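Take a look at the structure set out below.
The values are calculated or read from the model by the stated rules, or taken from the named source; none is laboratory data. These numbers were taken from a predicted model, which means no experiment stands behind them. Positions of Cβ are backbone-derived with ideal geometry, glycine not excepted, and every protein chain shown enters the neighbour counts.
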Amino acid sequence: MRRSGDDGMAEVEQVLFTVGVFKDAMWAERGIEALTRQGFALSAISVVAKDTPEVMALVERLMGPSPDRIDLPTVGRAIVRGALIDTLQGAARDLGRVGVAAAMRRAGFQPHDGLIYETLVGRGGILVALHGAPRAADALATMLSYGGGNAAIGAWAGRV
């Protein structure tokens, strides 16, 4: 996305996500609850995971009813919720075709990071992402402390 700065010049809108993959719904719930206790808004949290009853219950309990479902390459049928999904979908709305591995570039991650996330989610891991820059390092530390494997902060969009 582009927006105009005060000087009239176009600037790239900054999109930053902190991402971690939790091994199951129990660990993801602990991580999400820890993030909210740290003051992060639930509306800034995204989830991508295989469609299972445990994940559906987690997302509905913490984030509200009716999460979206999408068929993803490598992962299969997935439950998705949050701002990360809009970023991964891109203007072409093609996440279901290109998959998580390729689409993670849109969120500022390198292709090898996307492949790791896609593989872990395909094996049953739950990707949790936090949207926003001001406290990205705090979010990263919280995810790591609560079992968020391969946790990382994406580069600013447009720099990758």
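The set of residues in the range 3-42 that are modelled with pLDDT under 50 and touching an Asp or Glu at 6+ places or on another chain (Cβ under 7 Å) comprises 3, 5. With the condition kept exactly as written, say whether any residue in the range 16-36 is closer than 17 Å to residue 117 by Cβ, in contact (Cβ under 8 Å) with a residue 40 or more places away in the chain, of a type in the set (A, V, I, L, M, F, W, C) and in a loop (DSSP other than H, G, I, E, B). Yes, the range 16-36 has at least one match.
Run down 52, 74, 119 and say which single residue is hydroxyl-bearing (Ser, Thr, Tyr) and modelled with pLDDT under 95. Among 52, 74, 119, only 74 is hydroxyl-bearing (Ser, Thr, Tyr) and modelled with pLDDT under 95.
For the range 80-109, how many residues meet the condition of being of a type in the set (Gly, Ala, Ser) and surrounded by fewer than 22 Cβ atoms within 10 Å (Cβ to Cβ)? Spell out the reasoning first.
Here is the first cut: in the range 80-109, the residues of a type in the set (Gly, Ala, Ser) are 82-83, 90-92, 96, 99, 101-103, 107-108.
Then drop every residue that is not surrounded by fewer than 22 Cβ atoms within 10 Å (Cβ to Cβ), which leaves 83, 90-92, 96, 99, 102.
Number satisfying all stated conditions: 7.
When restricted to residues that are under 16 Å from the mean Cα position of the chain (by Cα), among the hydroxyl-bearing types (Ser, Thr, Tyr) and closer than 23 Å to residue 74 by Cβ, the range 13-59 contains 2. Of 122, 31, all but one fail to be in contact with a Gly (Cβ under 8 Å, 6 or more places away or on another chain), surrounded by 14 or more Cβ atoms within 10 Å (Cβ to Cβ), closer than 19 Å to residue 17 by Cβ and of a type outside the set (A, V, I, L, M, F, W, C); the exception is 31.
Looking at the structure I just gave you, is residue 127 closer than 22 Å to residue 27 by Cα, among the aliphatic types (A, V, I, L, M), touching a residue at least 24 places away in the same chain (Cβ under 8 Å) and buried (at least 22 other Cβ atoms within 10 Å of the Cβ)? Against the criterion (closer than 22 Å to residue 27 by Cα, among the aliphatic types (A, V, I, L, M), touching a residue at least 24 places away in the same chain (Cβ under 8 Å) and buried (at least 22 other Cβ atoms within 10 Å of the Cβ)), residue 127 qualifies. Just one residue in the set 121, 80, 98, 55 is part of a helix (DSSP H, G or I) and either of a type in the set (Asp, Glu) or free of Cβ contacts under 8 Å to residues at least 40 places away in the same chain (or both); that residue is 98.
Would it be correct to say that residue 115 is touching a residue at least 24 places away in the same chain (Cβ under 8 Å) and either among the aliphatic types (A, V, I, L, M) or surrounded by 18 or more Cβ atoms within 10 Å (Cβ to Cβ) (or both)? Spelling it out, it is not the case that residue 115 is touching a residue at least 24 places away in the same chain (Cβ under 8 Å) and either among the aliphatic types (A, V, I, L, M) or surrounded by 18 or more Cβ atoms within 10 Å (Cβ to Cβ) (or both). Restricting attention to the range 133-160, and to residues there that are at positive phi and part of a loop (DSSP other than H, G, I, E, B), which single residue is modelled with the highest pLDDT? The qualifying residue modelled with the highest pLDDT is 147. Take the conditions (1) assigned to a helix (DSSP H, G or I); (2) closer than 21 Å to residue 155 by Cα; (3) not charged (D, E, K, R); residue 130 misses just one of them, which is (1).
Kindly indicate which of 45, 70 is buried (at least 19 other Cβ atoms within 10 Å of the Cβ) and either aromatic (Phe, Trp, Tyr) or touching a strand residue (DSSP E or B) at 6+ places or on another chain (Cβ under 8 Å) (or both).
Answer to the check: 45.
Is it true that residue 63 is surrounded by 16 or more Cβ atoms within 10 Å (Cβ to Cβ) and either touching a Lys or Arg at 6+ places or on another chain (Cβ under 9 Å) or of a type in the set (S, T, N, Q) (or both)? The answer is yes for residue 63.
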